[in-house]
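Enquirer: Could you have a look at this structure, given as structure tokens, before my questions?
The values are calculated or read from the model by the stated rules, or taken from the named source; none is laboratory data. These numbers come from a predicted model, not from an experiment. No Cβ is skipped: glycine too gets one built from the backbone with ideal geometry, and neighbour counts run over all protein chains shown. For accessibility, only protein heavy atoms count, side chains too; no ligands or nucleic acids. Shrake-Rupley method; radii C 1.70, N 1.55, O 1.52, S 1.80 Å.
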Amino acid sequence: MEHDWIDVHKYASQDIVCQYQPWGPNTEEDSKGFVNQVIEDANQELRTRFVFAIVYNAYMIGAGELNIRDLTNKVGEIAYIVNPSYWGIGIATDVAMLLIDFGFEELKLHRIYATCDPRNIGSSKVLEKVGMTKEGRIREDLLIKDGWRDSLLYSLLEHEWKKI
Ligand SMILES: CC(C)(COP(=O)(O)OP(=O)(O)OC[C@H]1O[C@@H](n2cnc3c(N)ncnc32)[C@H](O)[C@@H]1OP(=O)(O)O)[C@@H](O)C(=O)NCCC(=O)NCCS
């Protein structure tokens, strides 16, 4: 929804949320632009981007995202972000599992991957908790605020995915 930018802005404007990301901290215009882009991408005829609002106690407290990166080879990438007021209670883990279920069940993907900064302990724990395998470390693949950033690469394959 267009007015979701207000809730997006509550977390995306915080340094701690985007310290390992190439974007942010968001200005109001950045947060509005993000939401408008999400709406535009959701309306593409051949949709490859799926962004879900995380709603907790009737508040939007984050977002989970699945992008189809390769249609031919059925590859998708997941990502998530949670408002710091709600960190540490299992929300990102639940969201990652829902995104994985969505990718394999609805989109019929074969491989789902995710990357995170090696310093992002919370995110790497999430990816391990949902059963992803660490494939390795991509060197200096992202330019962020404090310089070039390595990424840990995690993945889950269709035949490794089990409904819990
Ligand atoms: C990374 C992030 C999504 C984790 O969200 P969360 O809802 O707090 O994660 P969970 O509660 O599911 O935690 C999963 C595990 O990580 C641990 N954890 C979470 N944050 C942590 C931190 N900063 N340091 C160490 N461990 C952490 C939790 O304790 C939990 O482990 P446990 O089950 O052994 O106790 C959240 O910190 C965030 O939004 N960060 C900013 C955006 C971001 O980095 N997104 C990921 C991009 S790769």
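Enquirer: Shape verdict for the chain, please, from the Cα gyration tensor: rounded (a/c under 1.5), prolate (a/b greater than b/c) or oblate.
Expert: On the way: a/c = 1.42, a/b = 1.19, b/c = 1.19.
Rounded, because the longest to shortest axis ratio a/c is under 1.5.
Enquirer: Rolling a 1.4 Å sphere over the protein heavy atoms, what is the accessible area per residue of the chain, to the nearest Å²?
Expert: Numbers: 9660 Å² over 164 residues.
For the chain, the per-residue accessible area is 59 Å².
Enquirer: Trypsin sites (Lys or Arg not before Pro), restricted to the stretch 99-164: which are DSSP loop and have at most 15 other Cβ atoms within 10 Å? Walk me through the numbers before you get to the answer.
Expert: Working: sites: LYS108, ARG111, ARG119, LYS125, LYS129, LYS134, ARG137, ARG139, LYS145, ARG149, LYS162, LYS163; in loops: LYS108, ARG119, LYS145, LYS162, LYS163.
In loop regions of the stretch 99-164 (DSSP not H, G, I, E or B), the sparsely surrounded trypsin sites (Lys or Arg not before Pro) are LYS108, ARG119, LYS145, LYS162, LYS163.
Enquirer: Through the Karplus equation 6.51 cos²θ - 1.76 cosθ + 1.60, θ set to phi - 60°, convert the phi angles of the stretch 43-50 into ³J(HN,Hα) values in whole Hz; use x for Gly and Pro.
Expert: 9, 5, 4, 9, 7, 10, 10, 10
Enquirer: For the pairs LYS74/LYS129; LYS74/LYS134; LYS74/LYS162; LYS125/LYS162; LYS125/LYS145, flag any whose C-alpha to C-alpha distance is greater than 21 Å. Could you put the intermediate results ahead of the total?
Expert: Numbers: LYS74/LYS129 23 Å; LYS74/LYS134 19 Å; LYS74/LYS162 18 Å; LYS125/LYS162 19 Å; LYS125/LYS145 23 Å.
Distance filter (> 21 Å) returns LYS74/LYS129; LYS125/LYS145.
Enquirer: Taking H as built 1.01 Å from N, whose amide H comes closer than 5 Å to the amide H of SER13, not counting residues under 5 places away?
Expert: Residues meeting the amide H criterion: ASN26.
Enquirer: Only loop residues by DSSP count here, and only those with at most 16 other Cβ atoms within 10 Å; note down the trypsin sites (Lys or Arg not before Pro) in the stretch 1-97 that meet that. Numbers along the way, then the final one.
Expert: Details: sites: LYS10, LYS32, ARG47, ARG49, ARG69, LYS74; in loops: ARG47, LYS74.
In loop regions of the stretch 1-97 (DSSP not H, G, I, E or B), the sparsely surrounded trypsin sites (Lys or Arg not before Pro) are ARG47.
Enquirer: Hey, another quick one. If I take R0 = 22 Å and measure r between the Cβ atoms of ILE39 and GLN14 in this structure, what FRET efficiency does the formula 1/(1 + (r/R0)^6) give, to the nearest 0.05?
Expert: Details: r = 23 Å, r/R0 = 1.05.
Here the calculated transfer efficiency is 0.40.
Enquirer: Given the rule -39500 (n - 2.57) for each run of at least 4 DSSP H residues, summed and divided by the residues of the chain, what is its mean residue ellipticity at 222 nm, to the nearest 500 deg cm²/dmol?
Expert: Values: 5 runs with 47 residues, N = 164.
Calculated mean residue ellipticity at 222 nm is -8000 deg cm²/dmol.
Enquirer: Another one. Give a residue-ordered list of calculated ³J(HN,Hα) values for the stretch 70-80 (Karplus: 6.51 cos²θ - 1.76 cosθ + 1.60, θ = phi - 60°; whole Hz; x for Gly, Pro).
Expert: Calculated HN-Hα couplings, in order: 8, 5, 4, 9, 6, 10, x, 10, 10, 7, 7 Hz.
Enquirer: Normalised by the residues of the stretch 48-161, what does the relative contact order come to in percent, with Cα pairs under 8 Å and at least six apart?
Expert: On the way: 194 pairs, mean separation 22.2, N = 114.
Relative contact order here is 19 percent.
Enquirer: Quantify, in whole percent, the carbon and sulfur part of the accessible surface of the stretch 1-125 (1.4 Å probe; protein heavy atoms only). Numbers along the way, then the final one.
Expert: Working: 3570 of 6950 Å².
The nonpolar share, carbon plus sulfur, comes to 51 percent.
Enquirer: Using the basic label-point model (7 angstrom from Cα toward the beta carbon), what is the LEU157 to LYS145 distance in nanometres?
Expert: 3.9
Enquirer: Enter the Cα centre distance for the pair the stretch 132-164 and the stretch 52-97, rounded to the nearest angstrom.
Expert: Using only Cα atoms, the two centres lie 15 Å from each other.
Enquirer: How far apart, in nm, are the 7 Å Cα→Cβ label points at ARG69 and VAL55?
Expert: Using points 7 Å along Cα→Cβ, the separation is 3.0 nm.
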